[in-house]
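So the structure is just underneath, and the comments pick up after that.
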Amino acid sequence: MPNISDDLLAVLRCPVTGSPLVQDGDSLVSTANGPQGEPMRYPVADGIPLLLRPELRSSADGGTLV
């Protein structure tokens, strides 16, 4: 699992809450709670953070983004 650099983490923000993100294993986690009352989690695939809102993630898994 590649680590996201501190420089990149310093500029990345959660697309739902706008809060900074921290790395937790193979995911980035928001530092503020989302609409469900829990921090938002975003996967990191091949070193690339997938910062899609949850409602967009399921459609991205089944097809390609344009």
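Relative to the current alpha-carbon distance between D46 and N33, full extension at 0.36 nm per residue lengthens the span by 2.1 nm. Which entry in [x] 31, 28, 19; [y] 51, 20, 14; [z] 42, 28, 20 matches Cα extents along the principal axes in Å derived from the coordinates of this structure? Structure-derived value, by its label: [x].
Peptide packing: for 28-41, 2-15, the average count of neighbouring Cβ atoms within 10 Å per residue gives the ranking 28-41, 2-15, highest mean first.
Across region 6-51, C-alpha contacts under 8 Å between residues 6 or more apart give a mean separation that, scaled by the residue count, equals a relative contact order of 26 percent. Helical content alone sets the calculated 222 nm signal of the chain at -5500 deg cm²/dmol, taking -39,500 (n - 2.57) per DSSP H segment of four or more residues and averaging over every residue.
Rule-based calculations on the coordinates, nothing more; no lab input. None of the values given here were measured: they were computed from a predicted structure. As a convention, Cβ positions derive from the backbone with ideal geometry for all residues, glycine included, and neighbour counts pool all protein chains shown.
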